[in-house]
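Here the structure is laid out as structure tokens; the discussion comes afterwards.
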2 protein chains.
Amino acid sequence: MAKQLIVDLYGCDSVILDSEEKVRNISKQIIERVGATIVEECFKKFEPIGITYFAIISTSHFSVHTWPENGYAAVDLFSCSEFDEEYICELLKTFFKASEVKSSLVVRRLTAYE
Amino acid sequence: MAKQLIVDLYGCDSVILDSEEKVRNISKQIIERVGATIVEECFKKFEPIGITYFAIISTSHFSVHTWPENGYAAVDLFSCSEFDEEYICELLKTFFKASEVKSSLVVRRLTAYE
């Protein structure tokens, strides 16, 4: 069984949301806290603003899409290893300086019989 | 508003699930049917088996993780533009030769006030 944590962050700092360096750094910290390692990464800076960052991690994936004009970030953490979703949400809220966080958890069953 | 379609595919053809060429080709076809274009991609072939493919697309992202040993693929399609989720599920089922498909749809509100 794997878990997918889906997080919507509102009221974020728009400077953070539009900074490649900051988004990469936040992502790296979250991935480390999950106990995973980055295997491959891809990144896109959209014009005029907005970022997408994606990492294939040892336990599945981590993605961030930002809309700095809205103060919004969409984060996904898909992991085959256990993690504390409340802790990850708190970290994301702190790192992005979000005023509001909404999250949901999706269970991904890796076989039909789990 | 954006939509995120989360699809679990069971009983898939394990040869497809472990083929970089086939997974890339399926992903490309799905992304085309959504009316999006690929902006950046990353890919990892795990040892001994299993693939992760990720594309940043013009309307957000598309990801595939495969567990060929289970006949299982986990697919996500996150898009800011409208798409027909039933049609995408049917295509994925056909392309991966899946016997069972489970899907859920998550609405991603891009502002706190949508």
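Laboratory data are not the source of any read-out in this text; all were calculated from the coordinates shown. Keep in mind the model is a prediction, meaning the values are calculated, not measured. Ideal geometry is used to build each Cβ from the backbone, glycine not excepted, and the neighbour counts take in all protein chains shown.
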Fill in: Restricting segment A:76-97 to residues that are at the interface with chain B (Cβ under 10 Å from one of its Cβ atoms) and touching a Phe, Trp or Tyr at 6+ places or on another chain (Cβ under 9 Å), the residue that is farthest from residue B:78 (Cα to Cα)
A:78
Response to the item:
Per the list (1) in contact (Cβ under 8 Å) with a residue 60 or more places away in the chain; (2) under 15 Å from residue A:78 (Cα atoms); (3) in contact with a Gly (Cβ under 7 Å, 6 or more places away or on another chain), residue check on residue B:73 breaks on (3)
Item to complete: Consider only pairs whose beta carbons are under 7 Å apart and that are at least six residues apart or on different chains; among these, list those whose first residue lies in segment B:15-40 and is under 21 Å from residue A:46 (Cα atoms) and touching a residue at least 12 places away in the same chain (Cβ under 8 Å) and whose second residue is basic (Lys, Arg) and in a strand (DSSP E or B).
Response: B:39/A:44; B:40/A:44
Worksheet item: Can you tell me which residue in segment B:25-48 is nearest to the chain's Cα centre (by Cα), limited to those that are within 22 Å of residue B:97 (Cβ to Cβ) and within 14 Å of chain A (Cβ to nearest Cβ)?
Response: B:27
